[in-house]
1. Report yes if Asn254 is at pLDDT 90 or above, out of contact with any Gly (no Cβ under 8 Å at 6 or more places or on another chain) and polar (S, T, N, Q), otherwise no.
2. Residues of region 221-269 being part of a loop (DSSP other than H, G, I, E, B), within 13 Å of the ligand (Cβ to nearest atom), within 16 Å of the chain's Cα centre (by Cα) and farther than 24 Å from Gly137 by Cβ, which ones?
3. Name every residue in region 270-283 that is part of a loop (DSSP other than H, G, I, E, B) and either under 20 Å from Glu76 (Cα atoms) or within 14 Å of the ligand (Cβ to nearest atom) (or both), in order of residue number.
4. Determine if region 20-28 includes at least one residue that is at pLDDT 90 or above, out of contact with any Asp or Glu (no Cβ under 9 Å at 6 or more places or on another chain) and surrounded by 14 or more Cβ atoms within 10 Å (Cβ to Cβ).
5. How about region 127-165: which of its residues are in a helix (DSSP H, G or I), within 16 Å of the ligand (Cβ to nearest atom) and among the hydrophobic types (A, V, I, L, M, F, W, C)?
6. For region 227-251: of the residues being crowded, with 21+ Cβ neighbours inside 10 Å and among the charged types (D, E, K, R), which is nearest to Thr212 (Cα to Cα)?
7. Restricting to region 186-206, name every residue that is in a helix (DSSP H, G or I) and more than 16 Å from the ligand (Cβ to nearest atom).
Amino acid sequence: MSIVSSGQIDAITGDGRKQNIVVYGLTFLLWPAILSSCIFATSFGIQTEHAATYFNITYLCLALTLFTLERALPHEREWLKNDGQMPADLAHTLLSKGFVQVLVVVGVTIGIAEAAASKGGGLWPTHWPMMLQVIFGLLIAETGMYAAHRIAHEWAPLWRFHAVHHSAPRLWFFNTGRFHVVDTVTSILLSQPLLFLAGAPSDVFIWVTSITAFIGMLTHCNIEMRFGPLNYVFNTPAVHRWHHSRNPAEGNSNYGENLMLYDVLLKTFYCPKRRPPTNIGIDGPMPTKFLGQVAQPFRRNQMAAPLDHTNADGE
Ligand SMILES: [Zn+2]
């Protein structure tokens, strides 16, 4: 929607603020431009055989870019306020993403993949251009990641752990890694073997892991961006904000990690035109400190899994 005010053409943001029409147009370009930049840097790192170094630098640059843009172009001003949970978010990130992913994904999975590749690599189409192999890898990995995420919502024993991620009272780039370590491990165990069994070469593992990390941080950021039809293809912030709704009828949707393919096919896609809720989280007990959150899934008073599978629009 656009209006003319004082000779200046403005657009209206989702929360009723006026926005310069040029900035409005740029908000459509931000997500693809940032992700493309990360992919370009990853490509350079893989080509020069410094994939890990370039990934770490790119990931840090991505964090700094999102931190800056969250203040310049916030989607939700309420979410800029300190929720007192940054130490817990950081500790979960270091434990889950740092320890587990480095140890399991890089140390074990890629090692096994290389061993599998040296024995013939199974049916993997190694003659395809790398870009098509990466898309194929993303599709295979998504099968496991969608299943793992959906089970974490619909099976009470796993929801106890996944609830830690959903208990965040606001979305911003910093709580991308706020996952209970058990949640991270079960998600990896349910999703990574598919790629391994398919015989994916190590470069495809690096690509899929890197793109998952980039899209994951973008998905949680608090930046006013627009996506148009990209919402039906990728797990964008617009789609993921509905997933964090406190209302299970809205939140039990959009399980895709990178791609929305399975959500569209299995009718768990949910992205109505109205603005997603600001008051996100879970209706159940969750401590605000790290150790309390690590212990909470093992306590008796953890809330039950949100089993309402019918979304708010009755689909
Ligand atoms: Zn979830």
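1. yes
2. So in region 221-269, the residues part of a loop (DSSP other than H, G, I, E, B) come out as 221-222, 224-227, 233, 235-236, 244, 246-247, 252-258, 260, 266-269.
Going one step further and asking which of them are within 13 Å of the ligand (Cβ to nearest atom), we end up with 235, 244, 246, 252-257, 268.
Next cut, within 16 Å of the chain's Cα centre (by Cα) only: 235, 244, 252-257.
Answer for region 221-269, where residues must be part of a loop (DSSP other than H, G, I, E, B), within 13 Å of the ligand (Cβ to nearest atom), within 16 Å of the chain's Cα centre (by Cα) and farther than 24 Å from Gly137 by Cβ: His244, Asn252, Ser253.
3. Start the filter on region 270-283 by keeping residues that are part of a loop (DSSP other than H, G, I, E, B), which leaves 270-279, 281-283.
Matches in region 270-283: Tyr270, Cys271, Pro272, Lys273, Arg274, Arg275, Pro276, Pro277, Thr278, Asn279, Gly281, Ile282.
4. Pass one, region 20-28, residues at pLDDT 90 or above: 28.
With the extra rule that they be out of contact with any Asp or Glu (no Cβ under 9 Å at 6 or more places or on another chain), the set shrinks to 28.
Retained after the next criterion (residues that are surrounded by 14 or more Cβ atoms within 10 Å (Cβ to Cβ)): 28.
Yes, that holds for at least one residue.
5. Step one: filter region 127-165 for residues in a helix (DSSP H, G or I), giving 130-154, 156-165.
Keeping just the survivors that are within 16 Å of the ligand (Cβ to nearest atom) gives 142, 144-154, 156-165.
Correct list: Met145, Ala147, Ala148, Ile151, Ala152, Ala156, Leu158, Trp159, Phe161, Ala163, Val164.
6. The qualifying residue nearest to Thr212 (Cα to Cα) is Arg241.
7. Going residue by residue through region 186-206, those that are in a helix (DSSP H, G or I) are 186-197, 202-206.
Residues satisfying the conditions are Leu189, Gln192, Pro193, Leu194, Leu195, Phe196, Leu197, Ser202, Asp203, Val204, Phe205, Ile206.
Residues checked against (1) in contact (Cβ under 8 Å) with a residue 12 or more places away in the chain; (2) touching a Phe, Trp or Tyr at 6+ places or on another chain (Cβ under 9 Å):
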site: Pro248; (1), (2): yes, no
site: Phe269; (1), (2): yes, yes
site: Arg274; (1), (2): no, no
site: Asp283; (1), (2): yes, no
site: Gln293; (1), (2): yes, no
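The values are calculated or read from the model by the stated rules, or taken from the named source; none is laboratory data. Since the model is a prediction, treat every value here as computed from it, not as a measurement. Here the Cβ is made from the backbone with ideal geometry for all residues, glycine too, and neighbour counts use every protein chain on show.
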